[in-house]
Structures are given as structure tokens and as C-alpha cells.
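S.K.: Handing you a structure now.
The values are calculated or read from the model by the stated rules, or taken from the named source; none is laboratory data. Here the structure is a predicted model, which means the values were calculated and not measured. When we count neighbours, we look across all protein chains shown, and the Cβ atoms used for this are built from the backbone with ideal geometry, even at glycine.
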Amino acid sequence: MLETGQPLHIYDYDQLPSREIVVRKVLKGENMTNLKGQTMKLSDGDLVLSAGEEIINLAGIIGSKTTAVSSKTTNILIESAFFAPAFIKKTRQRLNFSTPASQYFSKSYNLPWGNYALPRVVELIKEFCPPAGESKILGWAKEPTPEKKTILLSHEFIEKKLGVKLSSEKVEEVLQKMRFSFEKR
């Protein structure tokens, strides 16, 4: 999320109770223990991801403890998704529970990062964990294509906002990695 702005969730693949993951609304009486060990009282209308009958993620907010990655994890599933802001905002406010992902999804951001963020995180995992094995992309949902906008951005402005000195080459490298087109003036 730091590099692309796209929230991702990583599951311990071997802990998933089913290989079929479904996005659905909560069924009456369902609850979930989140990654922090807190039991979350879910309500009709909350959006969740489930594997089989078990909830594995409160969509766009936080994952379940049962499928959390640990030091014993050997296989992972990476989720890159976009959730409707109205669902996420309503649930986040009702539960009074906020995460960086829930803030992102609540603000109606709809950038086309999912198809970039997923291969990028796989690339980073392989770079920093060379023993990591095969990777497969199991499915893509079509993302909306946002309207292209042009912005004027000075090198000085970037340095001031980030609070660090950067070479022109580094700025160009980062913009290219994020697939921004740009022209120098």
C-alpha cells in the first residue's frame, strides 16, 4: 500500500477452509475474530469475504485471525480488490473501527492500481525472499478505466511534500514504476 496506494491482503493459503472465495453480505448472527484478536459483531449489510462457510475478511477493513500469515506460513494468497465505498464506510463507522485500507475504500478512491499492485507485490516478495516459489494469478476482475488527467508538478514541490532531497533520476524512476506518463519541462 505504501508504494501503490492499493490495499492488499495476504492470507495463509493452507489455512483457508475452502479454495473458493466469495464476496457476500453477512448472514444473521455471524461474527469474526480479526487479525488483532478482537471479536467483531457483524450486521446485515456488512460485506465480507468467505472461504466456504467461514468469514476470512471484513471486506476492505481487516482480515480474520484464522487465515493470518505466521512464521509457519509456506503458501500465501494475495488479494487485491476494490470495494464499494458506501459498504465500507457504513461498516467502519458502525463498528468505530478504522484501518488504512478502510480509509482508502471509504473515500471513493477508484484508481486502477489493482492490476499493478498485485504483480508488484509478487515481484517484491521474490526479490526479498529468493526461496519463494511459483506464483500464479488466479483471476482478474475488469477494472474501470479512469479518466486521464494532466497535472503540473515541480521537482521542488515533490521534495517539499516528501521532506527529502531527490535526484531528478529518482523522481523519474518512481514515476515510471508507478506507470505514470510524464514529460520534463
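S.K.: Specify which of the listed residues (LYS89, LYS28) is at pLDDT 85 or above and basic (Lys, Arg). Before you say what the answer is, go through the steps one by one.
M.R.: Working: LYS89 fails: at pLDDT 85 or above.
Exactly one of LYS89, LYS28 is at pLDDT 85 or above and basic (Lys, Arg), namely LYS28.
S.K.: Further question on the same structure: Report, by residue number, each residue of region 74-96 that is surrounded by fewer than 19 Cβ atoms within 10 Å (Cβ to Cβ) and hydroxyl-bearing (Ser, Thr, Tyr).
M.R.: Answer for region 74-96, where residues must be surrounded by fewer than 19 Cβ atoms within 10 Å (Cβ to Cβ) and hydroxyl-bearing (Ser, Thr, Tyr): just THR74.
S.K.: Just need a number here: residues in region 1-23 that are surrounded by 13 or more Cβ atoms within 10 Å (Cβ to Cβ), at pLDDT 90 or above and not in a loop (DSSP other than H, G, I, E, B).
M.R.: So the count comes out to 4.
S.K.: The conditions are (1) under 15 Å from the mean Cα position of the chain (by Cα); (2) assigned to a loop (DSSP other than H, G, I, E, B), and THR74 fails exactly one of them. Which is it?
M.R.: (1)
S.K.: Something else: Can you name every residue in region 25-54 that is in contact with a Ser or Thr (Cβ under 6 Å, 6 or more places away or on another chain) and under 30 Å from GLU134 (Cα atoms)?
M.R.: ALA51, GLY52 - these are the residues of region 25-54 that are in contact with a Ser or Thr (Cβ under 6 Å, 6 or more places away or on another chain) and under 30 Å from GLU134 (Cα atoms).
S.K.: Please go through (1) outside any helix (DSSP H, G or I); (2) at pLDDT below 80 for SER102 and return the number of the only condition it doesn't satisfy.
M.R.: Every listed condition holds for SER102 apart from (1).
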